[in-house]
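Down below is the structure, laid out as structure tokens.
The values are calculated or read from the model by the stated rules, or taken from the named source; none is laboratory data. Keep in mind that this is a model prediction, so the values were computed, not measured. Glycine also receives a Cβ, built like all others from the backbone with ideal geometry; neighbour counts cover every protein chain displayed. Side chains included, ligands, DNA and RNA excluded: accessible areas come from the protein's heavy atoms. Shrake-Rupley method; radii C 1.70, N 1.55, O 1.52, S 1.80 Å.
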Amino acid sequence: MKRFSRRSVLCASAALLWADRSAAQPDAGPTPQAGQRGDTIPAEVIGDPRVETFDLGPARAPWRIFVGRPRGSAPAGGYSVIFALDGNASFPLLWHAREALAPEAPVVIVGIGYPTPYRFDADRRYLDLTPLTPPGNFGGRRSDRATGGRKVFLDFIEGELSAEIVRRLPVDPARRSLFGHSLGGLFTLHALYERPHLFSGYIAADPSIWWNKGSILAEEARFRENLTAAPVPPIRLLMENSGGERRAASDPRSDAAFSGRLAAERLAGTGRIEVFYRVFPDETHPSMLGPAIADGLLFHLGHDFGAGTAERMPVAVRRHPGQ
């Protein structure tokens, strides 16, 4: 396992944090800039010849796909691939993370986003990343947005998008990871529970387990039960949480029943999944995106996170380097 120096990881995380500090998730809590939302902040455009951008999917509502090629030629088995949800925002951060931490790594990075010049498309992501959700289950957020499109979205990722990536690049189907933050983290858990064969690695950063009154917990319970009846391919999960916000007792995110750590412990308890958990005690829900992406890349590559690999659950909680 390749070990990165603590200094290199801290420098890369700091750079990613600076790049993302001004951004706020559309469904996040308090924003770092008063009133400014991620769907009003222009997305960074990576101007590199190894980056391709194209639209894919139905003409009336396509997805915008960002593909970052590696520098070197593909290994015998093909490149590994990491897919990142909310690609308008996550792809630039993932690109910078790869350039800073693993510039020669044979990994393709794929951002799954939307045809918008902004970092987020709130309406589309609510539709794509959630189950069908009654207005009363939005956790106090705006409830007039359409929900329930996650099966169509997951079908697209498994089918049309995966085929297009294979058509463009030699990739290893056994070495694919999915990264999601917030509602994207919720979707990542859904993908794990419903189609565990689809990826070998799942990275859920501050997943919105509370969404729809915690309906994802029922999916988790079915998944854990099914694990005892049917074998699954080798799977690794990285669950991460922020810890730098104070939330009112009425905020569903403060309910211990929706704890990412407890979910990680339950999944590790099956003995069928290699589970890691990490907390960023001084980061907020929006500000953890950059550092979590850096962790997700290193996790995908099987590398040390710098100051020691994140502990396998349920042994301990891994703190952010320097804490």
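For residue 221, the test of being surrounded by 17 or more Cβ atoms within 10 Å (Cβ to Cβ) and touching a helix residue (DSSP H, G or I) at 6+ places or on another chain (Cβ under 9 Å) is failed. The single condition among (1) of a type outside the set (A, V, I, L, M, F, W, C); (2) open to solvent by 10 Å² or more (accessible area, probe 1.4 Å); (3) within 21 Å of residue 260 (Cβ to Cβ) that residue 125 does not meet is (2).
Scanning the stretch 254-278 for residues that are surrounded by fewer than 21 Cβ atoms within 10 Å (Cβ to Cβ) and outside any helix (DSSP H, G or I) returns 255, 259, 269, 270, 271, 272, 274.
Say whether the condition of being farther than 19 Å from residue 161 by Cβ and either surrounded by fewer than 20 Cβ atoms within 10 Å (Cβ to Cβ) or within 20 Å of the chain's Cα centre (by Cα) (or both) is met by at least one residue in the stretch 52-67. No, every residue in the stretch 52-67 fails to be farther than 19 Å from residue 161 by Cβ and either surrounded by fewer than 20 Cβ atoms within 10 Å (Cβ to Cβ) or within 20 Å of the chain's Cα centre (by Cα) (or both). Has the stretch 191-200 got at least one residue that is open to solvent by 40 Å² or more (accessible area, probe 1.4 Å) and modelled with pLDDT under 90? Taking every residue of the stretch 191-200 in turn, none turns out to be open to solvent by 40 Å² or more (accessible area, probe 1.4 Å) and modelled with pLDDT under 90.
Residues of the stretch 132-169 that are at pLDDT below 95, open to solvent by 40 Å² or more (accessible area, probe 1.4 Å) and part of a helix (DSSP H, G or I): 135, 136. Only residues that are open to solvent by 10 Å² or more (accessible area, probe 1.4 Å), in contact with a helix residue (DSSP H, G or I) (Cβ under 7 Å, 6 or more places away or on another chain) and among the hydrophobic types (A, V, I, L, M, F, W, C) were counted in the stretch 201-218, giving 1.
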